[in-house]
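The structure under discussion appears below in the form of C-alpha cells.
The values are calculated or read from the model by the stated rules, or taken from the named source; none is laboratory data. Please read all numbers here as calculations on a predicted model, not as lab measurements. Heads up, the Cβs are rebuilt from the backbone with ideal geometry, glycines too, and the neighbour counts pull from every protein chain shown. When the accessible area is computed, the model is the full protein with side chains, heavy atoms only, and any ligands, DNA or RNA have been set aside. Shrake-Rupley method; radii C 1.70, N 1.55, O 1.52, S 1.80 Å.
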Amino acid sequence: MREKWKLMYELAKQYYKKHGHLRIVQTYQTEEGIALGAWIANQRLAYKNRTIPKEKRKVTLNPLSDEQVKLLETIGMEWDLKKEPQKRWMRNYEKAKEHYHQHGHLRIPQTYCTKDGTSLGAWIYNQRLAYKNRTIPKEKRKNGVAPLSDEQVQLLETIGMEWDLKKEPQKRWMQNYEKAKEYYHHHDNLLVPASHICGDGTQLGRWIQNQRKAYKNRTIPKEERNNTISPLTDEQVKLLEEIGMVWSVRKVSKLTKQKQDLTNRLEMVEKEIQSKNISIETNKWLIEQFQLQEQNKLTRNQLAMLKNIGVYSTPAYQTYFKQAFLEVFIKVIYYFRDNKTLLEPTDITRLGWTYEEWYEIFNKNELGILDEKQYEAWKRIYLFNSKQIKVLKK
C-alpha cells in the first residue's frame, strides 16, 4: 500500500473521529491545505472501478484493494451517498441503542468511541445538530448535516435522546419519574429489579439504580465520584421519597425480607381460615391489621394481600369474628349482673385481647360491632363500676 494513501487515510480517520462521518464536500481542505475532500471523492470513484472493466472506466484511478475497502469502511465510508446514508444511520443507531440499554442514557462525550472504533460520541452530537436543522432554512445552517426525519426523531427518542442537554434532563427525569410512580402505585414499592424494562422500553430498573447513585453524589465531592451522574436536587429527593424510594440497598434487602415474612404469615392465616380453626395468635394478628387499616398504616400492597386471602371480604370470617366478640361481651354483661363487678371471666382473652384491652375496646366501640342498645348498656355498667375499673388499670 502506497505511503501517500496511508497518510491521506490517517487524515480521513482523524476527520471521522471528530465528526462521525466522511460526507465532506469535494473542495474541503484540512488546516494544512491538504485536499481531503477531493481524496475522499476519488476513493469512491476507485471503489466503483472495482466492478468496471478497465476499458470502460471514465477515470484512470486504480481500483481499491480489499484491504483499502475494509480500512475505509471501519471509519464510516459511504460508497454511494444516495443510497448509503440510511443504512449507515441505522448501523450507528443500533450502536446508540446498545449504549442506552447498557448505561440508560445517551449523554456521552463527543470524542467517545465504541470498542469496535465507531465514533458514537460524534454521531450523537451530529444527531442533535440534525434535529436543530429541522427548523433552520438550508441557507442559514452552520453545518452540512441533513435534518432528521420524523421517523429518526421517534427512534432516537425511544432510546432516551435528549436534544438540548441544558434543558432536557429535567424533562427526561420527570418522564422517568412518572414511570416510577406508576410502578409504585401498582407494586406499592420501588424495589425495581435492575433488569426491569417498561412496556415502552424505559429502562426503569437502571434509572432507579442511577437515582441511588445520584443521591450518594450529594455528599461526595465531584472529583471523588466514581460516576458522572449529577446529584439529585432537594425537590427530586422529596418526590422520590413520596413514592417509597429506598436509598440504601441494605434497606431494600430488609424490606424484601419483611415482604416475605408478611407473605409467609398470610399463607398460615389462609390455611387457618379455610379450616375454620383460627388460633388466638392469628386472631390477635388479624385484629392488629384491622387497627392498622383504621389508622391508614397499611400499604396498598398489604391491603391487597389481606383481601386476597379473604380477611376483609370473606363473610365466614366476618361472621366468626363478630360472633366471638359478642359472645365475650354478653359473658361480661352476665358476669356483671351476677357479681356486680367486672372481674376477669375465664375466657376474656378470646380473640387475643388482654383483659384491659377488652374493656378499652368496649368503651370506644371502635369496631362498630355493638349496636346502640348494647353500647348504652355497657356505658351504664362502666359508670356503675368506674371505681373498680380504675383499680384494674393501676
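The table below lists the values:
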{"item": "Residue under evaluation Ala214, criteria (1) open to solvent by less than 30 Å² (accessible area, probe 1.4 Å); (2) within 9 Å of the chain's Cα centre (by Cα); (3) under 17 Å from Gly160 (Cβ atoms), criterion not met", "result": "(2)"}
{"item": "Members of the stretch 120-148 found to be of a type in the set (Ser, Thr, Tyr) and over 29 Å from the mean Cα position of the chain (by Cα), listed by number", "result": "Thr135"}
{"item": "Selection count, the stretch 40-62, where residues are touching a Phe, Trp or Tyr at 6+ places or on another chain (Cβ under 7 Å) and open to solvent by 50 Å² or more (accessible area, probe 1.4 Å)", "result": "1"}
{"item": "Flag if Gln26 is open to solvent by 100 Å² or more (accessible area, probe 1.4 Å), touching a residue at least 12 places away in the same chain (Cβ under 8 Å) and in contact with a helix residue (DSSP H, G or I) (Cβ under 9 Å, 6 or more places away or on another chain)", "result": "yes"}
{"item": "Per-region count, the stretch 41-62, residues touching a Lys or Arg at 6+ places or on another chain (Cβ under 9 Å) and either touching a residue at least 24 places away in the same chain (Cβ under 8 Å) or not in a loop (DSSP other than H, G, I, E, B) (or both)", "result": "3"}
{"item": "Enumerated helices (runs of 4 or more DSSP H) restricted to the stretch 308-394, each holding at least 1 residues that are surrounded by fewer than 11 Cβ atoms within 10 Å (Cβ to Cβ), of a type outside the set (A, V, I, L, M) and at pLDDT 65 or above", "result": "315-339, 355-364, 372-384"}
{"item": "So Thr118, is it buried (at least 18 other Cβ atoms within 10 Å of the Cβ), under 30 Å from Asn176 (Cα atoms) and polar (S, T, N, Q)", "result": "yes"}
{"item": "Total residues in the stretch 121-167, condition open to solvent by less than 30 Å² (accessible area, probe 1.4 Å), modelled with pLDDT under 90 and closer than 22 Å to Trp207 by Cα", "result": "6"}
{"item": "Any hit, the stretch 63-72, residues being in a loop (DSSP other than H, G, I, E, B), open to solvent by less than 30 Å² (accessible area, probe 1.4 Å) and in contact with a helix residue (DSSP H, G or I) (Cβ under 6 Å, 6 or more places away or on another chain)", "result": "yes"}
{"item": "Test set (1) at pLDDT below 85; (2) out of contact with any His (no Cβ under 9 Å at 6 or more places or on another chain); (3) on the phi > 0 side of the Ramachandran plot - Gly33 fails condition number", "result": "(1)"}
{"item": "Residue under evaluation Ser195, criteria (1) among the polar types (S, T, N, Q); (2) open to solvent by 60 Å² or more (accessible area, probe 1.4 Å); (3) over 19 Å from Ile243 (Cα atoms); (4) part of a helix (DSSP H, G or I), criterion not met", "result": "(4)"}
{"item": "Among the residues listed as Gly37, Gly76, the single one being closer than 22 Å to Val153 by Cβ, out of contact with any Cys (no Cβ under 8 Å at 6 or more places or on another chain) and open to solvent by less than 40 Å² (accessible area, probe 1.4 Å)", "result": "Gly76"}
{"item": "Filter result for Asn227 (open to solvent by less than 60 Å² (accessible area, probe 1.4 Å) and touching a residue at least 60 places away in the same chain (Cβ under 8 Å))", "result": "no"}
{"item": "Within the stretch 78-183, helices (runs of 4 or more DSSP H) holding 3 or more residues that are among the charged types (D, E, K, R)", "result": "84-103, 150-158"}
{"item": "Subset of the stretch 230-243 (residues that are open to solvent by 50 Å² or more (accessible area, probe 1.4 Å) and not in a loop (DSSP other than H, G, I, E, B))", "result": "Asp234, Glu235, Lys238, Glu241, Glu242"}
